[in-house]
Amino acid sequence: MSDLEAPAGSQMKKPMVVAEGVWKSFGRIDVLRGIDLHVDHGNVFCLVGPSGSGKSTFLRCINRLETIDAGRLSVAGDLIGYREKGDRLHEMTEKDIAAQRREIGMVFQRFNLFPHMTALQNVMEAPIKVRRLSKKESRERAQQLLDRVGLGDKTHLYPNQLSGGQQQRVAIARALAMEPKLMLFDEPTSALDPELVGEVLDVMRQLAQDGMTMIVVTHEMGFAREVGDALVFIDDGLVVESGHPRDVIGNPQHERTKAFLSKVL
Amino acid sequence: MTQPVKNERVRPDPIRAVPVRHPGRWVAIVAIGVLAAMLVNSVLTNRGWDWSFQGQYAFSEPVLRGVVTTLWLTVVAMVVGLVLGVVLAVMRLSPNPVVSSAAWMYVWVFRGTPVLVQLVIWANIAALYKSISLGIPFGEAFFTFNTATLIPNAVAAILGLGLNEAAYMAEIVRGGILSVDEGQGEAASALGMKRTQTMRRIVLPQAMRVIVPPTGNETISMLKTTSLVSVVPYYELFFNAQVIGNRTFQPFPMLIMASIWYLSITSVLMVGQYYIERRYARGSVRSLPPTPLQRLRSRLGGRGRDRGRATPLAVGASALPMDGSTPHE
């Protein structure tokens, strides 16, 4: 963890995620009103804000679970959902979108494990069906990943036989099985009992140490301050304040940020 | 303030209360008992039932042939209905409005007209279209078939039953698919799975839990509906039983015999349905309900101690994994 300094301008690699003026509306309601941000390689990027501020919607736009209405959104230099030919954008086919998504792991607030499969089968499924791995290879990898999240002895259990924290750790292992270059976390601990939050955050902390690029929508300010490399406060579809988590949380500049933080801290 | 909690309670004697009396139950038992006795008496003494005559024909060649026909008609019509029903349900949920309207139209027509009428129409389709051709639409025909030979009575029966069933199955399957949480599809998409993969591997297996029970009903219903194909005409159990009844001037015993056959087969189907439902309950219930065999064994084997423990454990274990004895069949 040596490069904790603010994102260096002289970074060789392009940023992992770049958003420029991302705009999204549901019917008449503008949920995102021009989001600009960039997420560097290997960073843990925290999105915070009140509910309804659009932070989850923005996260879902990154792997095109939602489409954006205006602006540009790219991951690892590739536009999400569109191909640029000359100065025109062409919509991607379902196949190409699926190919983009497999590079981006996602962890949901409500886990969304497949209830008819065991923990091991949940992790094995996508590598077999999408990456065309052999069953044997996929099983070994799944076992390793479940060991890594501390559930090596629960592989044969179905999701409803696991606690919420265990389910969320299986969900993280499932996303990692696709070897994504970016991980999205949509309030991963919000549906958990307080005493189970820690075990999920531990796994995420480990992941951050291993150098995974992560975008995390969270209300866990302690986690953001400790693990985060950058933090953005979003309200009403706009970026209100951004910077290093220590600075934004410790010394917020904007009134709206102060009011929000005083409630969640 | 906080005191150490003492954990030295002795288990008290269980409550011994005088149970509530249920006089209504006794009245019902007597009334039903009398009615049952009357029924048994009439069944045994009224010569009209003519059990020996029924027994004489129950396993005769035409009746068995009818049973076999009834069975395969049921199976084939259900397979047609199920396959076409799944296709229609997926079409109905398609984002393409033309495709989904086409599926809606199909269901509208085939569910909105009596299956008896549909059967007669298929039987007489040759009157409407003398020949059926394969070729360019509105243009040249390459092959031409005589409708009457292309659609013999067996095919007319299958078309009538199967296409009608598909309309019902489409609605059942659609309901099942809609019952699956949206997050499941999102999770699969986020992993890079395509729409068809998601449907086949993630959504449909979960929808099965909702689809199976009504499909069992449909199968039982289909078994009985096959008796309508005598209008095609096609010779199945009911038709053959009636023929024997008319020939021997003993129609009534033959009707009863056919009913007993139908009842026996539906009973077997009900057992099958129980096991299929049990299989698709995996992952949705914490422990599977026991099979009748397991239930019998547990009742004969561990009494008292085990039975007393079962309920409180099941209630208290909400977030804990099971002890490993129950999850897998």
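The values are calculated or read from the model by the stated rules, or taken from the named source; none is laboratory data. Bear in mind the structure is a predicted one, so any value in this text is a computation, not a measurement. Every residue, glycine as well, gets a Cβ built from its backbone with ideal geometry; the counts of neighbours run over all protein chains shown. What goes into the accessible areas is simple: the full protein's heavy atoms, side chains included, and nothing from ligands, DNA or RNA. Shrake-Rupley method; radii C 1.70, N 1.55, O 1.52, S 1.80 Å.
Looking only at residues of the stretch A:48-65 that are over 19 Å from A:Ser262 (Cβ atoms) and away from chain B (no Cβ under 14 Å), we find that the one that is nearest to the chain's Cα centre (by Cα) is A:Phe58. Against the condition within 9 Å of chain A (Cβ to nearest Cβ) and in contact (Cβ under 8 Å) with a residue 24 or more places away in the chain, how does B:Met222 come out, does it pass? Here the answer is no, as B:Met222 does not meet what is asked. Cβ-Cβ contacts under 6 Å between residues 6 or more apart (or on different chains), taken from a first residue in the stretch B:169-196 that is more than 7 Å from every other protein chain (Cβ to nearest Cβ) and within 19 Å of B:Arg111 (Cα to Cα) to a second residue that is of a type outside the set (A, V, I, L, M) and open to solvent by 30 Å² or more (accessible area, probe 1.4 Å), are listed as B:Ile172/B:Pro214; B:Arg174/B:Arg92.
Would you confirm, using the coordinates I've provided, whether A:Ala208 is among the aliphatic types (A, V, I, L, M) and in contact with a Ser or Thr (Cβ under 8 Å, 6 or more places away or on another chain)? Criteria not met by A:Ala208.
Considering (1) part of a helix (DSSP H, G or I); (2) within 14 Å of chain A (Cβ to nearest Cβ), the lone condition that B:Ile158 does not fulfil carries the number (2). Among the numbered conditions (1) in a helix (DSSP H, G or I); (2) at pLDDT below 95, the only one that A:His116 does not meet is (1). When the stretch B:28-56 is filtered for residues that are open to solvent by less than 80 Å² (accessible area, probe 1.4 Å) and outside any helix (DSSP H, G or I), only B:Asp50 remains. Scanning the stretch A:233-250 for residues that are more than 16 Å from A:Asp36 (Cβ to Cβ), surrounded by 17 or more Cβ atoms within 10 Å (Cβ to Cβ) and not β-branched (Val, Ile, Thr) returns A:His244, A:Pro245. Scanning the stretch A:131-151 for residues that are crowded, with 21+ Cβ neighbours inside 10 Å and in contact (Cβ under 8 Å) with a residue 40 or more places away in the chain yields one hit, A:Val149.
Taken together, A:Gln161, A:Gln168 contain a single residue that is surrounded by 21 or more Cβ atoms within 10 Å (Cβ to Cβ), out of contact with any Lys or Arg (no Cβ under 6 Å at 6 or more places or on another chain) and within 12 Å of chain B (Cβ to nearest Cβ), which is A:Gln161. Of the conditions (1) part of a loop (DSSP other than H, G, I, E, B); (2) within 12 Å of another protein chain (Cβ to nearest Cβ); (3) touching a helix residue (DSSP H, G or I) at 6+ places or on another chain (Cβ under 8 Å); (4) surrounded by fewer than 21 Cβ atoms within 10 Å (Cβ to Cβ), A:Ile128 clears all except one; give me its number. Here A:Ile128 clears every test but (1).
Within the stretch A:106-124, can you find the residues that are aromatic (Phe, Trp, Tyr) and at the interface with chain B (Cβ under 7 Å from one of its Cβ atoms)? A:Phe108, A:Phe114, listed by residue number. In the stretch B:22-44, the residues that are without any contact (Cβ under 8 Å) to a residue 12 or more places away in the chain form Cβ pairs under 6 Å with partners that are in a helix (DSSP H, G or I), at six or more places apart or across chains, as follows: B:Val43/B:Trp49. Applying the criterion of being in contact with a strand residue (DSSP E or B) (Cβ under 7 Å, 6 or more places away or on another chain) and outside any strand (DSSP E or B) to the residues of the stretch B:97-155, the residue that is surrounded by the most Cβ atoms within 10 Å (Cβ to Cβ) is B:Thr147. Return a yes/no flag: does the stretch A:175-196 have any residue that is touching a Pro at 6+ places or on another chain (Cβ under 7 Å) and away from chain B (no Cβ under 11 Å). Scanning the stretch A:175-196, I find no residue that is touching a Pro at 6+ places or on another chain (Cβ under 7 Å) and away from chain B (no Cβ under 11 Å), so the answer is no. If you go through the stretch A:76-99 and keep only what is surrounded by 13 or more Cβ atoms within 10 Å (Cβ to Cβ), within 14 Å of chain B (Cβ to nearest Cβ) and out of contact with any Lys or Arg (no Cβ under 8 Å at 6 or more places or on another chain), you end up with just A:Ala99.
Note on the stretch A:181-207: among residues that are closer than 24 Å to A:His38 by Cβ and open to solvent by 10 Å² or more (accessible area, probe 1.4 Å), the one that is farthest from the chain's Cα centre (by Cα) is A:Arg205.
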